[in-house]
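Visitor: Provided herewith is a single structure, encoded as structure tokens, for subsequent inquiry.
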Amino acid sequence: MPIMEEFDFDIAILGAGPAGCALACTLASVSQGALRIALFQGINKRHDPTQDTRVLALNYGSRVFLEKHRLWPDHSAIIETVHVSQKNRLGRTLISSKDFDVPMLGSVVAYAELYRKLQERLQELPVTVLSGELASAAQENSNAPVMVTQGEKTWRTRIAVQCDGIKPKDIHREYNQHALITAARAQFPKPGWAWERFTQEGPLAVLPHPIFKNAQSIVWCTSPERAQALTRLDDAEFSRTLTQHFGERLGELTVLEKRTVFPLHLSATKNTVNGHIATLGNAAQTLHPVAGQGLNLGLRDVATLVHCLKPWMLNTSQSAAPFLNNFANSRKFDRRLTCELTDFLPRVFTTGNPLIEHGCGLGLLGMDLLKPLRQPLALHLLQGFRN
């Protein structure tokens, strides 16, 4: 008689950030508890997710997905209109939820609140959470079980999914930009509006804040030297500098919290499946924050993987390889399109070439005047490419 392989888990998820937690919750919900799921949570003493002050811009498609699986946080700020412009150049375009007959283009949520909601949902579902050192996965060959190691312990699993904890290495670009993140109260708030303002320093995103009343979340992309100089300004001087840089659309902007700075780069992997190991979320691609596509792309990875694995869930003893390969093929176009879009935009507007800048301005003007020109970009911002 053939020897039956013994597995500790059906699916092991490495990384308990938003994408990893969302995947664990969704798989447990869709399989109705039939899958043995492990979520490996690497402990980072330098980062407490419950104290993370960042906010996340989630498009309408991501909100629908998270609400469906009871993962939406209690507080959010909706985005109904996105204003895209270029500093010191003519041309701008407005993208409105009315163009698509949807209640909103997206929402802004606090990272800490989303994380807490995901943790609450995990407690309600049959998911084994294993906290400790960063876990790693390896498979000797396509017929062997996947071995997941955390510290001195090792588990056998049918499928492993790497969600964070490693950096993708196939494609890499340094932007020589840092993102300064903070929040500011607006003198003349405009609820439901978000701004993406391109400057020669880098893009400046001004979003409605999900927690502070009449306030905006600020993502200011600039050179590393300028970002550090901005952190050294006192609050009053920083507020004046921010208002001058953004313009007068919201009146005076008054900073509300500390400023944090993150280096920006593009990193992506070409192959998201190797044997019975899949890669998604930040482990598959780390993007420039322009247009806020990072987690939205990761959640589309999650939704597609769950969809592709549904037939496999009916009989987990069958090989998962065809279903994982279907996932990888299904995600190629969306990943490539989103990576190229978020790579192109922050570079083309910072060339310093007047001809290119004027061309970009004409492009924004053309999109504003002709709906068919802005429709593809707007649709991608709304929900991304979905099979």
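The values are calculated or read from the model by the stated rules, or taken from the named source; none is laboratory data. Keep in mind it's a predicted model, so treat the numbers as computed, not measured. Neighbour counts run over all protein chains shown; Cβ positions are idealised from the backbone, glycine included.
Visitor: Only one of (1) more than 14 Å from A303 (Cα to Cα); (2) buried (at least 24 other Cβ atoms within 10 Å of the Cβ) is not met by T50, so which one is it?
Guide: (2)
Visitor: Now, a different point. Condition test on F238, is it of a type in the set (F, W, Y) and part of a loop (DSSP other than H, G, I, E, B)?
Guide: Answer is no for this residue.
Visitor: Anything in segment 262-282 that is part of a strand (DSSP E or B) and either over 23 Å from P210 (Cα atoms) or at pLDDT 95 or above (or both)? List them, or say none. Show your work before the answer.
Guide: Pass one, segment 262-282, residues part of a strand (DSSP E or B): 262-268, 273-274, 277-279.
Selection gives P263, L264, H265, L266, S267, A268, V273, N274, I277, A278, T279.
Visitor: Ok, one more. Just one of the numbered conditions (1) surrounded by fewer than 16 Cβ atoms within 10 Å (Cβ to Cβ); (2) within 30 Å of S317 (Cα to Cα); (3) touching a residue at least 24 places away in the same chain (Cβ under 8 Å); (4) not hydrophobic (A, V, I, L, M, F, W, C) is not true of R121; which one?
Guide: (1)
Visitor: For segment 138-157, name all the residues that are over 11 Å from A38 (Cβ atoms) and buried (at least 21 other Cβ atoms within 10 Å of the Cβ).
Guide: V146
Visitor: Every residue in segment 293-351 that is under 14 Å from the mean Cα position of the chain (by Cα) and among the hydroxyl-bearing types (S, T, Y), please.
Guide: T338, T342
Visitor: Output the residues belonging to segment 27-56 that are hydroxyl-bearing (S, T, Y) and either in contact with a Leu (Cβ under 8 Å, 6 or more places away or on another chain) or free of Cβ contacts under 8 Å to residues at least 60 places away in the same chain (or both). Steps first, answer last, please.
Guide: We begin by selecting, within segment 27-56, every residue hydroxyl-bearing (S, T, Y); these are 29, 31, 50, 53.
Residue satisfying the conditions is S29 alone.
Visitor: If you don't mind, there's one more thing I want to ask. Among (1) touching a helix residue (DSSP H, G or I) at 6+ places or on another chain (Cβ under 8 Å); (2) over 25 Å from F198 (Cα atoms), there is one condition F9 misses while meeting the rest; what is its number?
Guide: (1)
Visitor: Let me ask something additional. Tally time: how many residues in segment 13-60 are under 13 Å from the mean Cα position of the chain (by Cα) and not β-branched (V, I, T)?
Guide: The first filter runs over segment 13-60 and keeps only residues under 13 Å from the mean Cα position of the chain (by Cα), leaving 17-20, 22, 54-59.
Now narrow it down to the ones that are not β-branched (V, I, T): 17-20, 22, 54, 56-59.
The total comes to 10.
Visitor: Also, quick follow-up: So which residues in segment 167-206 are loosely packed, with under 15 Cβ neighbours inside 10 Å and among the aliphatic types (A, V, I, L, M)?
Guide: Residue satisfying the conditions is I171 alone.
Visitor: If you go through segment 338-348 one residue at a time, do you hit one that is in contact with a Ser or Thr (Cβ under 7 Å, 6 or more places away or on another chain) and among the basic types (K, R)? Before you say what the answer is, go through the steps one by one.
Guide: Taking segment 338-348 and keeping what is in contact with a Ser or Thr (Cβ under 7 Å, 6 or more places away or on another chain), we get none.
No: zero hits.
Visitor: Give me the helices (runs of 4 or more DSSP H) completely within segment 283-378, filtered to those with at least 1 residues that are at pLDDT 90 or above, ordered by residue number.
Guide: Working: elements: 294-313, 321-348, 354-369.
It comes to 294-313, 321-348.
Residue-by-condition table, conditions (1) among the polar types (S, T, N, Q); (2) surrounded by fewer than 23 Cβ atoms within 10 Å (Cβ to Cβ):
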position	(1), (2)
A22	no, no
Q32	yes, yes
G42	no, yes
N59	yes, no
V84	no, no
